[in-house]
Amino acid sequence: MLITKLTITNFGLFKGKNEFDLKPKKYNGTAKPIILFGGKNGAGKTTLFEAFRIALYGSNLEEYRYKKREYEKYILDHFHQNADTQFCCDSASIEIEFDYAYLGEKDHFSINRSWARYKDELTESLSIRKNDLEIDDLEVSQWQDFINELIPPGISKLFFFDGEKIQLLAQDDKNNSHLKESFKTLLGLNIVDKLSTDLGIFIRRKAKSSGEKEIQEELTIFDRDKTDLEQELDSLLQERARINGKYQQKLGKLEEQETIVALEGGS
């Protein structure tokens, strides 16, 4: 994968459309495959770095998974705002272009992620083009999965990182935890943890959608009816015991009378 161009529009410090040509240049006939961005603090270097990951993964970034509100707030806070007039743009976008080689064939991709704001509501759009043609053999809902397969998020953690934090990779006092986590993600070794989290969220959502509250209410009613019926049964059993006692008394008296009649010669 070779990134060739980055376009940022009304995002962060970048007002309007800003294009960055990232194709390697040659100097005195020698290829120079490294491109450096320099600038003072607050000049937008971190925004450039974050733009690559946001364009590729959006809310699928690990730090925003299952945190839709936080992701939307991050995007809205990064809509360009004029410091003098306090005017804030209503739309923004990031587009990344790159060449991707597979089985000896090289294709050119462009991924554009854009946002529009209406009051406090945020709408996100994603488009993918391959060799200047929109991908039409996939449903729109599958585009993000296509990107994840093309450039797995685990790989991105190894190639997109803040240069100021590179020391954490070189001198990690916690058993190389940063590098270890990157490789675990890259190799899919954290899939069990992710699956456990996903299943927990799925079960909670399924319980809510299946009307768990209504079921609990029905169970409460059934429990109350069961208690009432048990009390009624207990009362009936006591009444039966009382009547059976009277019956035994009557039966005893009847036997006494029969005995008296027999002694007097009757039958």
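The values are calculated or read from the model by the stated rules, or taken from the named source; none is laboratory data. Small disclaimer: the values here were computed from a predicted structure and weren't measured. Don't worry about glycine lacking a Cβ; one is built from the backbone with ideal geometry, like all the others, and counts go over all protein chains shown. Calculation scope for accessible area: heavy atoms of the full protein, side chains included, ligands and nucleic acids excluded. Shrake-Rupley method; radii C 1.70, N 1.55, O 1.52, S 1.80 Å.
Here is how the numbers come out for the structure above:
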{"item": "Flag if I96 is at pLDDT 85 or above, within 25 Å of D21 (Cα to Cα) and open to solvent by less than 40 Å² (accessible area, probe 1.4 Å)", "result": "yes"}
{"item": "Members of segment 20-56 that are under 32 Å from the mean Cα position of the chain (by Cα) and of a type in the set (S, T, N, Q)", "result": "T46, T47"}
{"item": "Residue check for N112: polar (S, T, N, Q), in contact (Cβ under 8 Å) with a residue 24 or more places away in the chain and surrounded by fewer than 16 Cβ atoms within 10 Å (Cβ to Cβ)", "result": "no"}
{"item": "All positions within segment 211-265 that are part of a loop (DSSP other than H, G, I, E, B) and surrounded by 10 or more Cβ atoms within 10 Å (Cβ to Cβ)", "result": "G211"}
{"item": "Residues within segment 115-147 that are in contact (Cβ under 8 Å) with a residue 40 or more places away in the chain and either open to solvent by 100 Å² or more (accessible area, probe 1.4 Å) or β-branched (V, I, T) (or both), tallied", "result": "2"}
{"item": "Answer residue from segment 64-89, given it is open to solvent by less than 80 Å² (accessible area, probe 1.4 Å) and under 26 Å from D198 (Cβ atoms) and is modelled with the lowest pLDDT among those", "result": "R65"}
{"item": "Pairs where the first residue, in segment 38-52, is free of Cβ contacts under 8 Å to residues at least 24 places away in the same chain and the second is aromatic (F, W, Y) and part of a loop (DSSP other than H, G, I, E, B), C-beta under 8 Å, 6+ apart", "result": "K45/F37"}
{"item": "Scan of segment 22-70 for residues that are farther than 25 Å from R129 by Cα and of a type in the set (F, W, Y), ordered by number", "result": "Y27, F37, Y64, Y66"}
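One line per residue, one yes/no per condition, for (1) among the basic types (K, R); (2) in contact with a strand residue (DSSP E or B) (Cβ under 6 Å, 6 or more places away or on another chain):
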{"residue": "A51", "(1), (2)": "no, yes"}
{"residue": "G58", "(1), (2)": "no, yes"}
{"residue": "R69", "(1), (2)": "yes, no"}
{"residue": "H78", "(1), (2)": "no, yes"}
{"residue": "D99", "(1), (2)": "no, yes"}
{"residue": "H108", "(1), (2)": "no, yes"}
{"residue": "D137", "(1), (2)": "no, no"}
{"residue": "Q144", "(1), (2)": "no, no"}
